[in-house]
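Novice: Just dropping this structure here.
The values are calculated or read from the model by the stated rules, or taken from the named source; none is laboratory data. These numbers were taken from a predicted model, which means no experiment stands behind them. Glycine gets a Cβ as well: all are built from the backbone with ideal geometry, and neighbour counts include every protein chain shown. Accessible surface is based on the protein model in full, side chains and every heavy atom, while ligands, DNA and RNA are left aside. Shrake-Rupley method; radii C 1.70, N 1.55, O 1.52, S 1.80 Å.
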Amino acid sequence: MLQLPAGFRFGMSTAAFQIEGAAALDGKGPSIWDTFTARPGTIRHGEDAAVAADHYHRYVEDVGHIAEAGTHDYRFSFSWPRVLPGGRGQVNGNGLDFYDRLVDELLTAGVRPVPTLYHWDLPQALEDEGGWMNRDTSYALADYAAVLVDRLGDRVRDWITLNEMNVQILYGYALTDHAPALGLGLGALPAAHHQLLAHGLAVQALRAGGAATVGVASQHFPVSPASDDPADVEAAALFAGLTNWTFSDPILLGEYPDPEFTASVPAGDLEIISAPLDFYGVNYYEPTRIEAPREGKDYHGVLEVDVPSGLPFSPVAVESDERTDFGWAIVPSGLTDILVTLRDRYPGLPPVVVTENGASFHDGGPGPDGRVHDPRRIAFLEAHLGAVAAAIDKGVDVRGYYVWSALDNFEWAAGYDERFGLVHVDRDTLDRTRKDSWFWFRDLIAGQPRS
Ligand code: BGC
């Protein structure tokens, strides 16, 4: 069995909007994702997350599934509009009480809570004031962080600021596949800067509130050119800069990859953004291949996201013999590559935690034996953990690995068809069934060297 170093932390990850449901209950305000899902044509099969996995009501059972696997850390996110329905100002006591109960339940079960402040569900009230294009939103997030650390800081020691700024900015601000679907193209860059500033301000607020460790969760992926053609090489470098380094260089180097952009941001912002972190979270799913657009070639439908024409780069399919049922290429070595690349690019890189990794397979519900057999998920996770071990062998300081996800959930624009969970959720009854991968994960954790 694969052995990770003593003290290595195994975890499971989720996000509020994808599992909680209770979308308008007990004082919760609407988020941009409630608004987006209500718009016809945005989500596969017209699904929404009004109920999701109903975790809001079933969290005690869910904590049982997490804890009984021997999971060390549970990464979840707070719903900002559940805590502050208007985004700022009046606190919703019911919302805070829910997270208070969840944290106590986890601690009693021996699981360390690792919450994320913001996983894409911006309060609609703030979007109405310009959302992430408005600098005030960065300060609103810091105030929200202060509310949470004030209430939970006596029990929660590890905090994550924002989840995957690059994915939200790309799909929701530059393109239109995710909320708030603004389609601003490169005009989305101010929103990126404001999320980064929000991250820096939240680090300050969390530290002021006594947080023991603070990190961020970033999606990273190796980007390779489709050929040696210099035009492809240049297009790939540009794409990697925009989607990876624009979001990590400010945090880890205190500058943007583009010196002109660095010069254009308000003085002092980059110092705030680059405050030291205790850990750096890496979410990894698959690599990307880029070519310079070929005259007359139709890129429509190459990826699940439609990239507008006229850009100086085009994502093309990654060559791979194996794919998940979501169509994503299975390339475990990409995880080793990106971890090594991050270490080489950032001499001051703090210890890394892989805060998300997992795969959607459509294995169906429990069979006659009452089990959900998901051998491809086990193989996927095993191979990616092997990739983490390889990065550790190459000297990267990786301290933990969290599976995305604890349970089947609402996969954003793809709705409920895509199933990433270690625990199966029946869409009609919402009954939970531990998949074979859950038992595999439990046995893997039990078989690790004692710390
Ligand atoms: C996100 C998750 C999402 C997962 C699988 C990440 O981009 O943080 O919310 O469900 O990938 O797509």
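Novice: Do we find that Trp438 is more than 16 Å from the ligand (Cβ to nearest atom), of a type outside the set (Gly, Ala, Ser) and surrounded by 20 or more Cβ atoms within 10 Å (Cβ to Cβ) in this structure? Let's see the steps before the verdict.
Specialist: Details: more than 16 Å from the ligand (Cβ to nearest atom): yes; of a type outside the set (Gly, Ala, Ser): yes; surrounded by 20 or more Cβ atoms within 10 Å (Cβ to Cβ): yes.
Taking the combined requirement at face value, the residue satisfies it.
Novice: A follow-up question, please. Being farther than 22 Å from Thr116 by Cα, among the small types (Gly, Ala, Ser) and at pLDDT below 95 is true for just one of Gly310, Gly254. Which residue is that?
Specialist: None of the others qualify; the one that does is Gly310.
Novice: What number of residues within the range 1-19 satisfy the criterion of being more than 16 Å from the ligand (Cβ to nearest atom), in contact with a Leu (Cβ under 9 Å, 6 or more places away or on another chain) and aliphatic (A, V, I, L, M)? Break it down into steps so the answer makes sense when it comes.
Specialist: Pass one, the range 1-19, residues more than 16 Å from the ligand (Cβ to nearest atom): 1-10.
Of the ones still in play, those that are also in contact with a Leu (Cβ under 9 Å, 6 or more places away or on another chain) are 1-2, 4, 10.
Applying the additional criterion that residues be aliphatic (A, V, I, L, M) yields 1-2, 4.
Selection size over the range 1-19: 3.
Novice: Among the residues in the range 226-235, are any in contact with a Lys or Arg (Cβ under 6 Å, 6 or more places away or on another chain), more than 26 Å from Ala181 (Cβ to Cβ) and modelled with pLDDT of 95 or more?
Specialist: yes
Novice: May I pose another question? Need at least 2 residues that are acidic (Asp, Glu) and farther than 19 Å from Arg155 by Cα per element, so show me which helices (runs of 4 or more DSSP H) inside the range 46-117 make the cut, counting only ones lying wholly within it.
Specialist: By residue number, 55-67.
Novice: So which residues in the range 337-367 are within 16 Å of the ligand (Cβ to nearest atom) and open to solvent by 40 Å² or more (accessible area, probe 1.4 Å), if there are any at all?
Specialist: Within the range 337-367, just His362 meets the criteria.
Novice: Looking at Ala174, Ala140, which one is under 22 Å from the mean Cα position of the chain (by Cα) and modelled with pLDDT under 95? Walk me through it before giving the result.
Specialist: Details: Ala140 fails: modelled with pLDDT under 95.
So the residue among Ala174, Ala140 that is under 22 Å from the mean Cα position of the chain (by Cα) and modelled with pLDDT under 95 is Ala174.
Novice: Quick one: Asp228 ticks every box in (1) assigned to a helix (DSSP H, G or I); (2) open to solvent by 10 Å² or more (accessible area, probe 1.4 Å); (3) more than 16 Å from the ligand (Cβ to nearest atom) bar one, so which box is it?
Specialist: Condition not satisfied by Asp228: (1).
Novice: If you don't mind, there's one more thing I want to ask. With the range 118-200 as the region, which helices (runs of 4 or more DSSP H) entirely inside it contain at least 3 residues that are of a type in the set (A, V, I, L, M)?
Specialist: 136-152
Novice: Within the range 4-57, can you find the residues that are under 26 Å from Val282 (Cβ atoms) and in contact with a Pro (Cβ under 6 Å, 6 or more places away or on another chain)?
Specialist: Selection gives Ala6, Ser31, Ile32.
Novice: Residue check: is Ala181 surrounded by fewer than 21 Cβ atoms within 10 Å (Cβ to Cβ) and either more than 22 Å from Ala263 (Cα to Cα) or within 15 Å of the ligand (Cβ to nearest atom) (or both)?
Specialist: yes
Novice: Being open to solvent by 40 Å² or more (accessible area, probe 1.4 Å) and within 19 Å of His72 (Cβ to Cβ) is the filter; apply it to the range 395-435 and report the residue that is farthest from the ligand (Cβ to nearest atom).
Specialist: Keep residues of the range 395-435 that are open to solvent by 40 Å² or more (accessible area, probe 1.4 Å), which gives 395, 397, 399, 417, 426-429, 431, 434.
Next, only the ones that are within 19 Å of His72 (Cβ to Cβ) stay: 397, 399, 434.
Numbers: Asp397: 23, Arg399: 19, Arg434: 20 Å.
Ranking the qualifying residues of the range 395-435, first place goes to Asp397.
Novice: For the range 390-449, which positions are among the polar types (S, T, N, Q) and in contact (Cβ under 8 Å) with a residue 24 or more places away in the chain? Walk me through how you get there before you give the answer.
Specialist: Just the residues of the range 390-449 that are among the polar types (S, T, N, Q), to begin with: 405, 409, 429, 433, 437, 448.
Selection gives Ser405, Asn409, Thr433, Ser437, Gln448.
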